[in-house]
Amino acid sequence: MPDQQHVNVMLDPFDVEPVLRDDPGSCEELMWGKQLVGVRVSLKQASPTMVRSLLEAAWRRKAPKRLLRK
């Protein structure tokens, strides 16, 4: 969390565009240098359901396979 109003969510770059299209008011591209690595979410504007969904997607992207099976 870069500050109390935002959360950075690391996503597959392929998944960023649909997120931005679905909710442009609460999300923006997150760049690491010149590389697109996810989205920055405005917690004040985003719905809790969307934030939960993005965090779950990010977790599934990096979680060990044994935990994903559960």
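Couple of notes before you dig in:
- For segment 48-70, a residue qualifies if it is under 13 Å from the mean Cα position of the chain (by Cα) and over 17 Å from Met10 (Cβ atoms), and the qualifying residues are Pro48, Thr49.
- Under the condition of being touching a residue at least 24 places away in the same chain (Cβ under 8 Å) and either touching a helix residue (DSSP H, G or I) at 6+ places or on another chain (Cβ under 9 Å) or acidic (Asp, Glu) (or both), the residues counted in segment 48-70 number 4.
- Residue count, segment 5-32 (criterion: exposed (fewer than 10 other Cβ atoms within 10 Å of the Cβ) and either part of a helix (DSSP H, G or I) or in contact (Cβ under 8 Å) with a residue 24 or more places away in the chain (or both)): 2
- Checking each residue of segment 38-49 against the condition of being surrounded by 10 or more Cβ atoms within 10 Å (Cβ to Cβ), β-branched (Val, Ile, Thr) and modelled with pLDDT of 95 or more gives at least one match.
- Segment 33-47, residues that are on the phi > 0 side of the Ramachandran plot and touching a residue at least 24 places away in the same chain (Cβ under 8 Å): Gly38
The values are calculated or read from the model by the stated rules, or taken from the named source; none is laboratory data. Quick caveat, the model's predicted, so the values are computed rather than measured. Positions of Cβ are generated from backbone atoms using ideal geometry, with glycine treated the same way; all protein chains shown enter the neighbour counts.
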